[in-house]
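Undergrad: Can you read through this structure? Questions will come right after.
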């Protein structure tokens, strides 16, 4: 039994390492050439290039591991089928499940590994990568996030945004402190909802309080409807908070969801991301299971080209469906848990049906 497991895992791991290396290299190459102008324009130091490569690898690993496992299972079984080694194992009394059992166990271990990477490594890499690409190279002003709040300065104003929703082009809980040249408060503007319309930020209901800079006493107060605010930012500039979800692990996302819901905000987007943190790693096991019937149906007629094409086709369909269902989850059309797990369940059911249809 140990000899059989060693034989099968040797083939599996060799092909898996080749697939991972190829996918990571291709992904890095494409992504690097998309960002190379920023490196050149800002005279990036050699350390910046190294930081980019090292921090990109964990993120790429998490994205391509399920596809690499699928291709590995397909190519491994196709190769063993072409050389009649599967037939020999079956003639010795080994069942199909016994043959694929080492692959499933390895896929389960890799699912656990990916879960750990997404929880403890990927968030730090995403944060470092965003700092490098968005702030250091593109010279974007850093927007500080404290307890889900955004603070930044615009000329003589200090602006606080409690929550930004770039997709809906809305800012919630906006407070603007207007200062004089001596940094004394002379005016405070407050609005619970600000909407970006026709290139301008419009406050639905704006409270204006004027202060005496010398004494700090309020001298007047008024409320105006649908007033423009001079905020030198576009909705796209607030996507830093959207990217922040990629920098959070499951526990941190869970805390963010609870805080947003307690404050009365919609946390659907964060809840979908939270469920995806758990669902995504298990796609490794689903892909391994799904690759078995596709590989064994061809038997000796299998070849490497068909195996690679088949794996890529299945992977593309999986990721497209996952993206569509995730978008439905973000919009509220599907419950967050369903949006995160539905693709895995669909492909698992497809794999079970194809396994049952295999000829013994």
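The values are calculated or read from the model by the stated rules, or taken from the named source; none is laboratory data. Worth saying up front: this structure is predicted, and the values here are computed from it rather than measured. Methodologically, a virtual Cβ is constructed for each residue, glycine included, from the backbone with ideal geometry; neighbour enumeration extends over all protein chains shown.
Undergrad: Only one of (1) within 28 Å of the chain's Cα centre (by Cα); (2) surrounded by fewer than 14 Cβ atoms within 10 Å (Cβ to Cβ) is not met by residue 228, so which one is it?
TA: Of (1) within 28 Å of the chain's Cα centre (by Cα); (2) surrounded by fewer than 14 Cβ atoms within 10 Å (Cβ to Cβ), only one is false for residue 228: (1).
Undergrad: Yes or no: residue 68 outside any helix (DSSP H, G or I) and either in the same structural domain as residue 24 (by TED's automatic domain parsing) or within 23 Å of the chain's Cα centre (by Cα) (or both)?
TA: no
Undergrad: Does the stretch 27-47 include one or more residues that are assigned by TED's automatic domain parsing to the domain that holds residue 102, closer than 17 Å to residue 316 by Cα and either exposed (fewer than 13 other Cβ atoms within 10 Å of the Cβ) or at pLDDT 90 or above (or both)?
TA: Yes, the conditions are met somewhere in the stretch 27-47.
Undergrad: So, in the stretch 117-127, exactly how many residues are more than 13 Å from the chain's Cα centre (by Cα) and either within 16 Å of residue 32 (Cβ to Cβ) or outside the structural domain of residue 273 (by TED's automatic domain parsing) (or both)?
TA: Total meeting the criteria: 0.
Undergrad: Looking at 163, 114, can you tell me which residue is outside any loop (DSSP other than H, G, I, E, B), within 30 Å of residue 55 (Cα to Cα), touching a residue at least 12 places away in the same chain (Cβ under 8 Å) and touching a helix residue (DSSP H, G or I) at 6+ places or on another chain (Cβ under 6 Å)?
TA: One residue alone meets the criteria, 114.
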